Structure formats: structure tokens, C-alpha cells
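The values are calculated or read from the model by the stated rules, or taken from the named source; none is laboratory data. Note that the structure is predicted; figures quoted are calculated from it, not measured. Positions of Cβ are generated from backbone atoms using ideal geometry, with glycine treated the same way; all protein chains shown enter the neighbour counts.
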Amino acid sequence: MIITNKVLPRRTFLRGVGAAVALPLLDSMVPVLGAAARIKPARRLGVVYVPNGVIMDRWTPAAEGGAFELTPTLQPLASFRNQVLLLSGLNDNPAIPLPNEGAGDHARAASTFLTGVHVRKTEGTDIQAGISMDQIAARELGKETQIASLELTLEYTGMLGACDAGYSCAYSNTIAWRSPNTPLPMEVDPRAVFERLFGDGDSTDRTSRLARIREDQSILDELIDDVARLDRGLGARDRAKLSEYLDAIRDVERRIQRAEEQSARELPVMDRPAGVPASFEAHAKVMFDMLVLAYQADLTRVATFMMGHEVSSRAYPEIGVPDAHHPISHHQGDVDKIAKCAKVNIFHMQMFAYFLEKLASVHDGDGSLLDSSMILYGSGMSDGNQHSHLNLPIMLAGSGAGHVKGGRHLRYPKNTPVTNLHMTLLDKLAIPMDSFGDSTGQLHELTI
């Protein structure tokens with residue numbers, strides 16, 4: 001680390017007309033005396049959720065401890081093997097139906113995954129769940145950031161109506177709950193996320209947004225003078241870091257604009273949000289890129305990300321799966337449907353690997369954003385064919401600034417609640433709790 005005599009406030013912004021861009025952590029934001037000893041990267045929490053369960057025998061390694069081998073579904077994570085921790089045997093017991101409650105496992109899977117609270121079965125407005133673990137973290141970590149939390153998705157998620165056997169769509173379409181009666185909507189539109197992070201546009205009207213693209217080159221063009229003035233007073237490492245960060249912002253905006261232009265040209269009659277790329281892969285990558293930028297600039301330290309909502313019927317023709325996801329998850333042993341579900345599982349994992357790669361590429365303190373983050377990947381359902389909520393597919397990536405030891409596969413005793421993991425992660429974020437949902441204790445083995 002190179003320490004200069006110039007000291008900038010940690011919450012320094014570049015400001016232009018109608019836009020403000022927060023800066024990443026620069027060496028110049030650290031006091032000169034004792035700087036290296038005092039730098040402690042912020043701890044970040046992320047949750048990536050996949051719907052409809054997974055093919056478990058292609059997910060779970062046979063061996064435990066550090067000797068495990070990556071299964072076909074996990075193979076995209078080969079470069080991060082030592083930075084992921086696989087956790088088997090954890091249950092989402094509150095998602096199991098009560099007597100006479102019947103179907104609705106998908107709605108219960110999503111709504112209980114981070115809350116640990118059995119939800120009220122209703123199609124109306126009298127929904128009731130619990131406060132989700134991410135929002136407990138956001139209450140505390142959000143005191144230090146501009147945005148308490150981000151809720152992102154790759155599929156439209158309305159909150160009204162019924163989506164699963166007598167359960168409100170609010171239960172299926174989000175995993176984040178600010179209060180037992182307040183589900184947080186997940187944002188699907190990259191443009192809306194970008195504007196929330198870096199500045200609002202004049203209108204949310206699709207036509208207005210497309211006109212803005214034609215008229216404006218970039219919101220960062222408004223900030224170029226401030227960048228130039230700041231750049232002259234920085235050391236070489238800070239200049240490189242700032243340039244890398246601004247280039248990343250420009251790249252994200254360029255891809256959003258391209259997606260909007262393509263949507264306007266190729267799909268003029270489709271009722272879809274402006275800025276949503278046509279392909280799943282392009283959509284996933286631009287949304288993950290913006291989450292990385294939000295972490296990098298310390299705009300937020302908490303995020304939830306749904307690859308799709310429960311009961312998702314998205315097809316994946318780009319990987320040779322033209323079938324809707326939810327129906328083929330009920331494969332009933334059909335080898336062709338199982339193979340297609342496995343392809344979807346691997347595709348999701350490839351997108352997650354892209355996210356980890358981006359996090360690992362960004363310096364944060366003496367490590368990377370991945371080193372300072374704890375990213376939970378999983379689902380509230382294991383076997384989608386059986387609607388099982390036992391032995392969930394759960395994985396942690398990142399070390400949480402040294403609080404999680406990866407490169408292992410841990411198998412927990414039968415009936416261990418997944419809320420034990422949530423309570424443990426909150427504790428590692430310096431938010432200790434005596435209990436959470438149906439928890440029975442902490443998972444102390446995460447750091448052993």
C-alpha cells in the first residue's frame with residue numbers, strides 16, 4: 001500500500017448534474033500514521049437464491065471435510081474451490097405444511113428461507129411471515145451506507161394475486177421481509193438499479209428513457225471535470241483504482257443502454273421493463289456487475305438476489321432447455337427431464353461463478369471483495385420433484401474477512417435448522433442474537 005499526504009473522507013462523492021458517484025476505498029482515504037494496521041475491510045452479506053430445488057445427487061459431494069470433489073453442478077466453481085464451504089443436512093422446517101394446509105411448498109420455500117417463520121396461508125393482503133435475516137443485517141450495516149440493502153432478481157416478481165396453491169405472490173416472489181407484513185419487492189430492471197445507485201432519470205417512462213439514451217452519452221460525462229481534479233492529487237495506485245472503477249461503471253451503463261436499444265428495436269410490442277436484456281446470461285451478468293459496484297463503492301453491504309421466483313416457468317433455450325423450469329423439476333424420474341434440470345442448475349452455477357470472479361477481481365483493503373464478503377447460495381427446497389425442504393443445497397462463498405474457512409464440505413446432523421446458519425452469519429457480522437426463527441444454536445464449525 002502506498003500512503004500519500006492527501007487524505008480524503010471515506011464518504012467522498014463525485015458530483016455532477018443530477019448524479020453522484022461514491023468512490024471505492026482509496027489509499028488516500030486512510031490516515032497516514034498507522035494506516036496499514038487500521039485498515040479493516042467492511043464485511044458484506046449477499047444471498048443468491050435459486051428456485052424449484054436442484055438435482056441433489058449432482059450437487060452433494062460424497063466426501064466430507066477438505067477431501068471432497070466438486071460434483072457436476074459445482075464444477076463451474078473449480079477456480080474457487082478453496083473459497084467455498086458446502087453445508088449439507090440443513091433443513092427449512094418452517095416450510096413444511098401443517099396439518100390440513102396442503103400444497104404451497106414453493107411459496108413457503110421462498111418466504112421461510114431467510115425468516116425461519118411459518119407463513120400464513122392467504123391470497124389476500126393479510127400476509128404474515130417474519131423478518132428476514134438480511135434485513136436484520138441491513139438495520140445495522142445500513143447505518144454506514146447510503147442504501148441499506150439491495151433486492152435484485154432476474155424474473156418479474158409481482159406482489160399481487162395468488163401464485164401457488166392459495167398463497168399470495170408475495171410469498172413466492174421475494175425472500176426479503178422488512179417486517180412480518182412487509183415483503184420487499186425484487187428489482188428486475190438493470191436501468192432502475194443503475195439509477196438508484198448513480199442517479200435518477202427524469203422519467204420511468206420507456207419512451208423517455210430511450211430518448212435519454214439517444215441524447216446523453218453517459219451520466220459520467222457530467223462528472224469528468226471532478227474526476228480530473230481529484231485525479232491530479234492522487235497517488236499512482238489510487239489513480240489506477242479510480243480509473244478501473246469508473247471504467248466498470250461505464251461498461252455497465254453501456255450494456256444497459258445496448259439492451260434497451262435492442263429491446264426497443266426487436267421487441268416493440270412486448271410488455272417488459274426497459275433495459276432487461278433478452279438473454280438470461282446477459283441479464284444475470286449486468287445485475288451481478290451492478291451488485292459488485294454497489295459493494296465496491298460501499299453504497300450497500302447487504303443484498304439478496306433471486307435467480308428466479310419460485311414456481312418459475314422460465315425456459316433456457318440458450319443452453320438447449322426449451323422447457324419451462326418448474327414443470328421439468330417435477331420429473332418423476334424421467335431421465336430426460338432430470339438431465340434438463342441438471343443443465344439449468346449448472347447454468348445458474350456458471351452465473352454465480354461469474355459473480356465470484358468479479359468480486360475476486362476487485363481489491364478491498366489487503367484482499368478482495370470476495371475475501372471480505374459472505375455470500376450464501378441456496379434454496380428453500382432441495383428435491384423439487386418431491387417438494388422436500390430437508391437437506392437443502394447450501395453453500396457459502398468468501399471468507400467474511402477471515403470469519404469463514406472454505407475448501408470444505410460439512411455435513412450436519414439430521415434436523416439441523418438452516419436458521420442456525422443465519423444466526424451464525426449475523427454473529428460474524430457483529431450482530432449477535434440469542435435465537436432466530438426456529439434456530440437451536442450456532443454452527444461453530446464455519447471457522448474451525
Original post:
From the list Leu410, Leu425, Leu429, Leu446, which one is more than 22 Å from Ala303 (Cα to Cα), surrounded by 13 or more Cβ atoms within 10 Å (Cβ to Cβ) and hydrophobic (A, V, I, L, M, F, W, C)?
Top reply: Leu410
Subject >> Residue list for region 358-410, filter: more than 29 Å from Ala109 (Cβ to Cβ) and not in a loop (DSSP other than H, G, I, E, B) >> reply: Ala360, His363, Asp364, Gly367, Ser368
**OP:** Identify, from the list Asp298, Asp336, the residue that is surrounded by fewer than 17 Cβ atoms within 10 Å (Cβ to Cβ) and either of a type outside the set (A, V, I, L, M, F, W, C) or in contact with a strand residue (DSSP E or B) (Cβ under 7 Å, 6 or more places away or on another chain) (or both).
**Re:** Asp336
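Inspect region 33-50 for any residue being over 28 Å from Ser149 (Cβ atoms), at pLDDT 90 or above and in the same structural domain as Leu426 (by TED's automatic domain parsing) and give the result as yes or no.
We begin by selecting, within region 33-50, every residue over 28 Å from Ser149 (Cβ atoms); these are 33-37.
Filter again for at pLDDT 90 or above, leaving none.
No, every residue in region 33-50 fails to be over 28 Å from Ser149 (Cβ atoms), at pLDDT 90 or above and in the same structural domain as Leu426 (by TED's automatic domain parsing).
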Original post:
In the list Lys405, Lys340, Lys358, which residue meets the criterion of being of a type in the set (D, E, K, R), closer than 22 Å to Phe288 by Cβ and out of contact with any Gly (no Cβ under 7 Å at 6 or more places or on another chain)?
Top reply: Lys358
**OP:** Go through region 81-108 and give me each residue that's crowded, with 20+ Cβ neighbours inside 10 Å, part of a helix (DSSP H, G or I) and either modelled with pLDDT under 95 or not polar (S, T, N, Q) (or both).
**Re:** Pro94, Ala95, Asp105, His106, Ala107, Arg108
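I'm trying to understand the selection: among the residues of region 336-380, which are of a type in the set (A, V, I, L, M, F, W, C) and over 19 Å from Thr71 (Cα atoms)?
If the condition is that a residue be of a type in the set (A, V, I, L, M, F, W, C) and over 19 Å from Thr71 (Cα atoms), then Phe355, Leu359, Ala360, Val362, Leu369, Leu370, Met374, Ile375 are the ones that fit.
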Subject >> Single unsatisfied condition, Pro393 versus (1) out of contact with any strand residue (DSSP E or B) (no Cβ under 7 Å at 6 or more places or on another chain); (2) crowded, with 24+ Cβ neighbours inside 10 Å >> reply: (1)
Original post:
Could you list, in sequence order, the residues of region 287-319 that are among the hydroxyl-bearing types (Ser, Thr, Tyr), assigned to a strand (DSSP E or B) and more than 11 Å from the chain's Cα centre (by Cα)?
Top reply: Tyr316
